Amino acid sequence: MTRILQLGPLSDRFNRGLAAEYDVLHAWETDADALLDAHAQGIEIIVTSARFGCRASLIERLPNLRAIVSFGVGYDAIDVAAARARGIPVSNTPEVLNDCVADLAFGLVIDCARQLSRADRFVRAGKWPSGGLPLATRVSGKRLGIVGLGRIGEAVARRSSGFDMQVQYHNRRPVESSVYGYQSCLVELARWSDFLVLTCPGGEATRHLINREVLDALGPEGILINVSRGTVVHEPALVEALIEGRLGGAGLDVYAQEPSVPQALLELPNVVLLPHIGSATEETRLAMEELLLANLRAFIERGELLTAV
């Protein structure tokens, strides 16, 4: 039976199902080094996630590793270059989470603009009898900039049509089939936008893509929404822009050092903070688990991955 190393737990349903069907070693239940010393030769497949990743040092310790199967669309925490150097394919779980992440992104647009979370806190704290909140900002008819017009970015753009928003996007290159306006300069897109939504991949190519210059271009009335990766934003620059009033607000589902969130962000009223829940619905998580298992079965049975990165 193929021996699998599972680097971190997913749902109880998934953990039980995987262990019932395969010979699985749980890296989090014991001393990982001792586990590898005892079983490195026999491990053929790694099951991981965007959260747990897979470092080059681990790949090097497993001489008979044949595949890395991951839960989540992001794979920047996996050393794909190290895997490819060994001829080891890597899979993720794209497509099945597009709608839920796009729903959340647009929910953050509405929340930040209309101050929903802030208003909820206001009522719960018993402050309503003493007066109202400052006026909020409308969403309908505003300008939506999207950084990374991939599958999730397209889904966000489609949702904006119900709000009669203008849409432009920034990519490394234009999307030929897109009906939305392309802006080659990210700073100019930020300057044009009322809302700037980040749906680009993580990794070194996009690290700190959103810097002080971009934030200043978005400006004191602009709102930044990040459902991509925390590394895409230069977090200290974001904090400074918010504190100094150079940025109007932010809706964040991801952070540079999760689960750590800068204290300054916790104290700002114009920031909505979520604990990386873009795909966190019952329906989507089940679909992600099923796609991971389908990749695993396809590789064991036919030597191929259905959604290789």
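Readers should treat all values here as calculations from the given coordinates under stated rules, not as data from a laboratory. Computed from a prediction, not measured in an experiment: that's the story for all the values here. In this analysis, Cβ positions are derived from the backbone assuming ideal geometry, glycine residues included, and neighbour counts consider all displayed protein chains.
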Open item on the list: Tell me the label only: which of (1) 21.7, 73; (2) 21.4, 68; (3) 18.6, 54 is Rg and Dmax of the Cα atoms in Å as calculated from this structure?
Closed with: (2)
TODO: Using only C-alpha atoms and all pairs of different ones, pull out the Kirkwood radius for the range 98-273 in Å with one decimal.
DONE: 16.3
Task: Fewest-first ranking of His170, His276, His39, using other Cβ atoms within 10 Å as the exposure measure - done: His39, His276, His170
- [ ] Scan the range 145-223 for trypsin sites (Lys or Arg not before Pro) in coil per DSSP, keeping those whose Cβ has at most 13 other Cβ atoms within 10 Å, and list them by number.
- [x] Arg172
Open item on the list: Tell me the angle of helix 12-21 to the major Cα principal axis of the chain, expressed in degrees between 0 and 90 and rounded to the nearest ten.
Closed with: 20
TODO: Would you be so kind as to identify which of Val69, Asn226, Ala294 lies farthest towards the positive end of the dipole of the chain, taking Lys and Arg as +1 and Asp and Glu as -1 on Cβ and the Cα centre as origin?
DONE: Asn226
Open item on the list: Loop only by DSSP, 10 or fewer other Cβ within 10 Å of the Cβ. Give me the GluC sites (Glu not before Pro) in the range 16-65 that pass, ordered by residue number.
Closed with: none
Task: Centroid-to-centroid separation of the range 151-166 and the range 37-66 [C-alpha atoms, Å] - done: 39
Open item on the list: What whole-number distance in Å separates the alpha-carbon centres of the range 98-124 and the range 172-225?
Closed with: 20
TODO: For an R0 of 25 angstrom, estimate the FRET efficiency from the Cβ-Cβ distance between Leu286 and Ala308 and round to the nearest 0.05.
DONE: 0.70
- [ ] Give the angle, between 0 and 90 degrees and rounded to the nearest 10, that separates the Cα long axis of helix 282-302 from the longest principal axis of the Cα atoms of the chain.
- [x] 30
- [ ] List the residues whose amide H sits under 5 Å from the amide H of Ile225, counting only those 5 or more places along or on another chain, with H placed 1.01 Å from N in the peptide plane.
- [x] Leu196, Val197, Leu198, Gly251
- [ ] Rank the residues Lys142, Lys127 as a footprinting-exposure proxy: fewest other Cβ atoms within 10 Å of their Cβ go first.
- [x] Lys127, Lys142
Open item on the list: From the helices alone, meaning DSSP H stretches of at least four residues, give me the mean residue ellipticity at 222 nm for the chain, per-run term -39500 (n - 2.57), in deg cm²/dmol to the nearest 500.
Closed with: -10500 deg cm²/dmol
Task: DSSP bridge pairs, the chain: antiparallel proportion in percent, nearest 5 - done: 5
TODO: Give the order of Ser177, Ser49 when sorted by the count of other beta carbons within 10 angstrom, beginning with the fewest.
DONE: Ser177, Ser49
